[in-house]
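K.L.:
One structure follows; several queries about it will come next.
Please treat every number below as a calculation from the coordinates, not as lab data. Treat the numbers as computed from the prediction; the structure is a model and nothing was measured. Heads up, the Cβs are rebuilt from the backbone with ideal geometry, glycines too, and the neighbour counts pull from every protein chain shown.
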Amino acid sequence: MRSSTKARIGTVLLCATLTLAGCGGPNTTEDTTDDVPATVDENATFRFGVSTGAAATLDPHLNRQAYGPQWYGMAYDTLIHMDRVGNLGPMLATEWEFSADGKQLVLKLRHGVTFSDGQPFNAAAVKANIERGKTLTDSAVAADLDAVASVDVVDEYTVRLDLTTPTAVILSRLATKAGTMVSPAAMNGAVDLDVTPVGTGPYVLTKYQTGVSGTYVRNDSYWGGRPSVAKIELSLYADSTAGINALQTGQIEMFELLDKPAIETIEKAGLPARSIEGLKLEWVALDFAGKFKDPRVREAVGLALDRRQFADFVGKGEPTWQWVPKSSPYFDPTIGELQPYDVEKAKRLLAEAGYANGFSFTLSFAVRPSTQAAAEVMQEMWAKAGITVALDGADGATIIDKCYVRHDCDAVGGTHNTAPDLAVEATDIVAPGGRRNLTGQSTIPEIQALLADAIAPGADRTAKLKALQSQMSKSVPALMVRTDTTVYGTSKNVISFELDPDDTVEFEHLKLGPPA
């Protein structure tokens, strides 16, 4: 979750427009705007408005929410760091190496690191965390650690993972929740990890009101260097309008802007709207073993969706039919628009599949102001092709449990951050037992065959991952709808901030000037 490298992809600086042109794109490292404070306030309190929802738990091994780390991530570190475009670097593990046959991974660990409760970080702690992640009841990371057969302590700062099969994906797993290191004492019941995170991270939780707010203070002895901001206060704004008003009236310093009207409101108020490109997409995941088992049906629902009109409605991003943006090395320019808007062809395909009198399904989604409106627009588009869609909106935790744990959903809509390693993405969504596989244990053979080749460790996997991405786009286990750009409105004293691949703010890299 945390980055200690000096050159970090994803630093966001002042950009008072939605587009990235003139903003330096995702590699921006400095800002020349006169309005940005020149002095960093080392005693600052940063008040962050959370728009995504409340955390079901602050335990990283149990939390299934993509936005969960926004509530607890600053208290923890992972074994490996992943930047916004997928580059891996040292974190609590300083180096690693696969065996010649790829079935063992040896990690060398950072010396002199302690958990916030004073417990030492070492190989025994790594072994305890990985074993907990694999065996914990209702574990959110057990599937991510499936490839780990056992964990052996080689010495105090060296650990060996014995793998069931050679897989490069394990490195990316150790850079996310599965690689998050929790104090062994806390795991053994010293505190309630649902409400009290205990890690090696740059901040320590001092106050928490479930579903409402949280307060973190700086960990002055953090191994990665003293964070610039002294205190972080998180507050949930389930109503986007309330969050925008709080930003305008100086109650918070930062809030995500989900659509064009929100961006225009903040700009008219004279505040910055800061944007950063990433791997976020609007998507609709499909139960490809149930309602959408027939590939003709999957193609039909894609053809009946006017992506250009949808992108215009949202006011952000552009239409897409692939799992990655055009800037990605895995984007395939040869496959074109796989399901161009064509209502009549959609009807013909549905008739061929046995649905001449129409097709129906339920679209589930986590309720936010933007998702409700987006779902209604899609519903209207599909209706023109004789596709009747029932809308099932609920809070994020309910949708995760219903769709990804109990596998009781036809389709799930919303925004989705594609994993930088496409083999991780395919494993999660298409492989049997994948944590975002709506079917549970089913797969699509054409994707699975390429996945088996793409996960193997190797010096250059680009060609294999590009082929995998192309097949995922063609087989349609999920509809890609539009690319997205993450935009935050901020107060004028926010100098810079960084986002991880899941759009979580990395607070230890945040810089604030004196109050404007």
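K.L.:
For Thr486, which sequence-distant residues (separation of 5 or more, or a different chain) have an amide H within less than 5 Å of its own amide H, given hydrogens modelled in the peptide plane?
P.N.:
So Thr486 has HN proximity to Ile276, Gly278.
K.L.:
Set the Förster distance to 51 Å, then compute FRET efficiency between Ala190 and Ala463 from the Cβ-Cβ distance, nearest 0.05. Can you show the working numbers first?
P.N.:
Details: r = 48 Å, r/R0 = 0.95.
For R0 = 51 Å, the calculated efficiency reads 0.60.
K.L.:
Note down the magnitude of the dipole of region 393-516 about its Cα centre, charges +1 on Lys and Arg C-beta and -1 on Asp and Glu C-beta and zero elsewhere, to the nearest 20 debye. Present the calculation step by step, with values, prior to reporting the outcome.
P.N.:
Details: 11 positive and 17 negative charges, 50 e Å.
Dipole about the Cα centre, nearest 20: 240 debye.
K.L.:
Ok, one more. Give the residue from Trp96, Leu58, Gln70 lying farthest towards the positive end of the charge dipole for the chain; charges sit on Cβ (+1 for Lys and Arg, -1 for Asp and Glu) and the dipole is referred to the Cα centre.
P.N.:
So the residue furthest toward the plus end is Trp96.
K.L.:
Along the Cα-to-C-beta direction of Arg160, a point sits 7 Å from the Cα; which residues of region 84-98 have their amide N less than 13 Å from that point?
P.N.:
Within reach of a label on Arg160, which here means backbone N under 13 Å from a point 7 Å along Cα→Cβ, region 84-98 contributes 97-98.
K.L.:
What aspartates and glutamates sit close enough to Lys207 to cross-link, taking a C-alpha to C-alpha distance under 12 Å and skipping anything fewer than 8 places away on the same chain?
P.N.:
Glu233
K.L.:
With Cα extents along the principal axes in Å in mind, check (i) 66, 58, 39; (ii) 155, 61, 40; (iii) 100, 81, 39 and report the label derived from this structure.
P.N.:
Of the listed options (i) 66, 58, 39; (ii) 155, 61, 40; (iii) 100, 81, 39, (i) comes from this structure.
K.L.:
Still on this structure: Which value in deg cm²/dmol, rounded to the nearest 500, describes the helix-derived mean residue ellipticity at 222 nm for the chain, given -39,500 (n - 2.57) per DSSP H run of n ≥ 4 and division by the residue count?
P.N.:
Values: 13 runs with 118 residues, N = 516.
Result for the chain, helices only: -6500 deg cm²/dmol.
K.L.:
Hey, how many Å between the Cα centroid of region 323-389 and the Cα centroid of region 72-92?
P.N.:
35
K.L.:
Where the centre of each part is set by its Cα atoms, how far does region 131-146 sit from region 263-316, in angstrom?
P.N.:
31
K.L.:
Next question. Search the structure for amide H atoms under 5 Å from the amide H of Val195, placed 1.01 Å from N in the peptide plane, and list their residues when 5 or more places away or on another chain.
P.N.:
The answer is Leu58.
K.L.:
Continuing with the same structure: In straight Cα distance, which lysines are under 23 Å from Lys474, not counting same-chain residues fewer than 8 positions off?
P.N.:
The qualifying lysines are Lys280, Lys291, Lys293, Lys326, Lys345, Lys347, Lys464, Lys466.
K.L.:
Could you pull out every one of the lysines with an alpha carbon less than 25 Å from that of Lys492, ignoring same-chain neighbours closer than 8 positions?
P.N.:
Lys6, Lys231, Lys260, Lys268, Lys316, Lys511
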